[in-house]
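Notes for the one structure printed next.
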Amino acid sequence: MHTRAYPKRLSRHITLAGLIRSDVARERGIDNTPPPELIGNLRMLARGLDQVRQLLAHRLRINSGYRCPDLNAAVGGAQASQHTLGLAADFECPGFGTPLEIVAAIHRSTIDFDQCILEYGRWVHISFSPTPRRRVLTIYDSRDGYLEGLWDGTGQRMA
């Protein structure tokens, strides 16, 4: 990773290292350093994640942030994934509650996110963009695909 010329801190609580860290990249020898033109997107993502942290009043556990194309392919990410643009992160916040509770709180908030997705009941995917849609989706099974809105594991629509 060659990030010497890049800022270490992208926002009050989020570092570049925290958004590019990847066990898969390390294990497979993939350089997950973002190109310089994506640093602005990563700052937007970091500022959005700071807002989420403030809303939840607990630290976020970021599982996946930026993914270079090779890493995105290695983890089976969508070809047009916002992760590859530095605009998305997957996270958990056990200090606040379950991923379902987190998505519900973000949905009720005034945070200008692009997409917020409850993924498989295990983590939250959130993205930010210059033109936020505030789109909430749920996926429990890849065979069923994404559902509009927030759904619990029993098929009850929550939002």
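The values are calculated or read from the model by the stated rules, or taken from the named source; none is laboratory data. This structure is a prediction, so every number in the text was calculated from the model and none was measured. Glycine also receives a Cβ, built like all others from the backbone with ideal geometry; neighbour counts cover every protein chain displayed.
Things worth noting here:
- In the condition set (1) touching a Lys or Arg at 6+ places or on another chain (Cβ under 7 Å); (2) assigned to a loop (DSSP other than H, G, I, E, B); (3) among the hydroxyl-bearing types (Ser, Thr, Tyr), residue 33 is compliant with all but (1).
- One residue from 26, 53 being farther than 18 Å from residue 116 by Cα, in a helix (DSSP H, G or I) and among the charged types (D, E, K, R): 26
- Taking residues in region 12-36 that are surrounded by fewer than 17 Cβ atoms within 10 Å (Cβ to Cβ) and among the β-branched types (Val, Ile, Thr), and partners anywhere that are modelled with pLDDT of 95 or more and in a loop (DSSP other than H, G, I, E, B), the pairs with Cβ atoms closer than 7 Å and at least 6 places apart or on different chains are 24/75.
- Within region 43-80, considering residues that are touching a Phe, Trp or Tyr at 6+ places or on another chain (Cβ under 9 Å) and charged (D, E, K, R), the one surrounded by the fewest Cβ atoms within 10 Å (Cβ to Cβ): 61
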